[in-house]
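See structure below.
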Amino acid sequence: MPEELTVEGLPAAALARRFGTPLFVYSRAAILDRLTRLRRAFARPGTAICYALKANPNQAVCRVLCATGAGAEVVSGGELARALAAGFAPRSIVFSGVGKTEAEMDLGLRRGILTFNVESCEELLALERAARRRRRPAPFSVRLNPDVRARTHPHVTTGRAENKFGVEAPQALEMARRGRRSRWLDFQGLHCHIGSQIHDLGPFARAAAAVAEVLRRLQAEGIAFSLVDMGGGLGVSCGAEPELDCARLAQALEREFSPWPQARLLVEPGRYLVAGAGLLLARVLYRKETSRRRFVIVDAAMNDLARPSLYGAFHPIAPARPRKGPRRRVDVVGPVCESGDFLARQRLLPPLQPGDIVAVGMAGAYGFSMSSQYNSRPRAAEVLVEGGKARLTRRRETVDDIVLPEL
């Protein structure tokens, strides 16, 4: 019979009793283990690992990474404020995203971030205006769209010409030239991010080759650069698919970028660092059968973990304390009033009874960060386990938290 599920030695069922459900639980040791693996793989001198806050912006999680010297990648003024509050040094922060406002740009300029990853010619003009008002040159990198198929879900591919992200090579070159001409722009280099959950080395290699070609053209024009940012998207395994080999990825990038040893390599992992470090714990409410399906209804729902409904994403799921008995195929669903509200479909699970705790794995990324208050359901609590001790890092919301802000 399988052993009881634990997080750094603490029984998951005991955590659910102590803090209630639904509950996100993160392991500090698991986060640091992933960061260590990544640093070993990317041995190029000066490589910076900038954690993508969108995966999980919880301050306790951010501080775990910040304390080890990691940088941050943000995509909004809110994420920038959170990164600064967590202690990330401004010069370790990169700001991406297609729709930065001038107020957000002004915040980044005031705090002195490393670079803005600029995604359109009009955005560059807005950044130049913000820099002129502040009388401070704006560091920027151009996000190149290499038109590379990433072989991932259509909603999370970002490197095709039909996607909203980045610019094609001719525009990237013109934006770099404008940076050279302008007193208020300081061109840093190129940025490229082609999507999320990419398990195949091929798309990364093709994207790196496209970046290298633009770097050669910049060099031929005498335009200096100091950064090459290859984004994130490193695929992790949630089931049968293999995990991306980060050491091979690092070697492929080095082959392309070895002509420019002066250029600092940046990578922006999010999911890779925190997905496997997190569980979503839920309590079984009811069971029922129809002529076609067996259902296990739990107190976590699509508002807590949107990925299965949004992407058809697979998350492993298991009882915290397995019972003896035959395994049966069930749909694990939540209370939200949508047929799309499910956490797992047709999973082979041991017997479950009302009151049992189930654990949804790989929930440390894009779990709480994408959660909502749909159906007026308060959002879950978050807990960090470190050194055999658990502490609450975000209290559970109440109905008052939903209603009181309304006028």
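The values are calculated or read from the model by the stated rules, or taken from the named source; none is laboratory data. Since this is a predicted model, take the numbers as computed values, not measurements. Cβ placement follows ideal geometry from the backbone for every residue including glycine, while neighbour counts extend to all protein chains displayed.
Descriptive notes on the structure:
- Filter pass, residue 39 being of a type in the set (D, E, K, R), modelled with pLDDT under 95 and within 24 Å of residue 236 (Cα to Cα): no
- Residues of the stretch 1-27 satisfying the condition of being of a type outside the set (A, V, I, L, M), out of contact with any Lys or Arg (no Cβ under 7 Å at 6 or more places or on another chain) and surrounded by fewer than 19 Cβ atoms within 10 Å (Cβ to Cβ): 2, 3, 6, 8, 9, 11, 17, 18
- For residue 243, the criteria (1) crowded, with 16+ Cβ neighbours inside 10 Å; (2) within 23 Å of the chain's Cα centre (by Cα); (3) part of a loop (DSSP other than H, G, I, E, B) hold in every case but one, which is (1).
- Selection within the stretch 193-227 - of a type outside the set (Val, Ile, Thr), out of contact with any Pro (no Cβ under 6 Å at 6 or more places or on another chain), under 20 Å from residue 246 (Cβ atoms) and part of a helix (DSSP H, G or I): 201, 202, 203, 204, 205, 206, 208, 209, 212
- When every residue of the stretch 252-261 is checked against the conditions, none turns out to be surrounded by 19 or more Cβ atoms within 10 Å (Cβ to Cβ), of a type in the set (Phe, Trp, Tyr) and in contact (Cβ under 8 Å) with a residue 24 or more places away in the chain.
- Restricting the stretch 209-237 to residues that are of a type outside the set (A, V, I, L, M) and surrounded by fewer than 19 Cβ atoms within 10 Å (Cβ to Cβ), the residue that is nearest to residue 276 (Cα to Cα): 237
- Beta carbons closer than 7 Å, at least 6 apart along the sequence or on distinct chains, pair a first residue in the stretch 173-199 that is over 25 Å from residue 49 (Cβ atoms) with a second that is among the basic types (Lys, Arg) and assigned to a helix (DSSP H, G or I) for 173/217; 184/132; 185/178.
- Any strands (runs of 3 or more DSSP E) falling wholly within the stretch 314-407 and containing at least 3 residues that are touching a residue at least 12 places away in the same chain (Cβ under 8 Å) and under 22 Å from the mean Cα position of the chain (by Cα): 342-349, 381-386, 389-394
- Within the stretch 264-310, the set of residues being surrounded by fewer than 21 Cβ atoms within 10 Å (Cβ to Cβ), over 18 Å from the mean Cα position of the chain (by Cα) and in a loop (DSSP other than H, G, I, E, B) comprises 290, 291, 292, 293, 299.
- Residue 252 being assigned to a helix (DSSP H, G or I) and among the small types (Gly, Ala, Ser): yes
- Boolean, residue 206 is closer than 21 Å to residue 165 by Cβ, basic (Lys, Arg), surrounded by fewer than 20 Cβ atoms within 10 Å (Cβ to Cβ) and within 23 Å of the chain's Cα centre (by Cα): yes
- Assessment of the stretch 67-83 against the conditions (under 22 Å from residue 139 (Cβ atoms), modelled with pLDDT under 95 and out of contact with any Gly (no Cβ under 9 Å at 6 or more places or on another chain)) yields no matching residue.
- The lone exception for residue 130 - which of (1) more than 15 Å from residue 187 (Cα to Cα); (2) modelled with pLDDT of 95 or more; (3) under 26 Å from the mean Cα position of the chain (by Cα) it fails: (3)
- Being basic (Lys, Arg), modelled with pLDDT of 95 or more, assigned by TED's automatic domain parsing to the domain that holds residue 197 and not in a helix (DSSP H, G or I) holds for only one residue in 178, 143, 151, and it is 143.
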